1. Filter the range 52-73 for residues that are in a helix (DSSP H, G or I) and exposed (fewer than 11 other Cβ atoms within 10 Å of the Cβ); which is nearest to the chain's Cα centre (by Cα)?
2. Just to be sure, is residue 76 surrounded by 14 or more Cβ atoms within 10 Å (Cβ to Cβ) and either in a helix (DSSP H, G or I) or modelled with pLDDT of 90 or more (or both)?
3. Given the conditions (1) in contact with a helix residue (DSSP H, G or I) (Cβ under 9 Å, 6 or more places away or on another chain); (2) in a loop (DSSP other than H, G, I, E, B); (3) surrounded by fewer than 12 Cβ atoms within 10 Å (Cβ to Cβ), report the number of the one that residue 36 does not fulfil.
4. I'd like to verify a number: residues in the range 2-33 that are under 22 Å from residue 66 (Cα atoms), surrounded by fewer than 12 Cβ atoms within 10 Å (Cβ to Cβ) and in contact (Cβ under 8 Å) with a residue 24 or more places away in the chain, how many?
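The values are calculated or read from the model by the stated rules, or taken from the named source; none is laboratory data. This one's a predicted model, so the numbers in the text were calculated from it and none came from an experiment. Cβ coordinates were reconstructed from backbone atoms using ideal geometry, including for glycine residues, and neighbour counts include every protein chain displayed.
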């Protein structure tokens, strides 16, 4: 693989790839994080952690010598969290209850 192509792939994985994967991780995190005492911890923590997740993916893409490892890590994170989101949306919705008043 040529150096120019490797540079563009690394640029994609560090730029829009890291942003896209971190947003998918943010969408999947409420499905595996515990609710907490107030019931909102699983919603607030992903919002707070998105910059940290993005930074970890960005620096991993920039600093790792093996480009294949960067793509595998980002791909596995994307597939796992994307699968969680898809599974949640594929569940049947509960029927609406009437108030009976």
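1. In the first step, residues of the range 52-73 are kept if they are in a helix (DSSP H, G or I); the result is 52-63, 67-73.
With the extra rule that they be exposed (fewer than 11 other Cβ atoms within 10 Å of the Cβ), the set shrinks to 52, 63, 68.
Details: 52: 12, 63: 20, 68: 19 Å.
This residue is 52.
2. It is false that residue 76 is surrounded by 14 or more Cβ atoms within 10 Å (Cβ to Cβ) and either in a helix (DSSP H, G or I) or modelled with pLDDT of 90 or more (or both).
3. (3)
4. Counting residues in the range 2-33 that are under 22 Å from residue 66 (Cα atoms), surrounded by fewer than 12 Cβ atoms within 10 Å (Cβ to Cβ) and in contact (Cβ under 8 Å) with a residue 24 or more places away in the chain gives 1.
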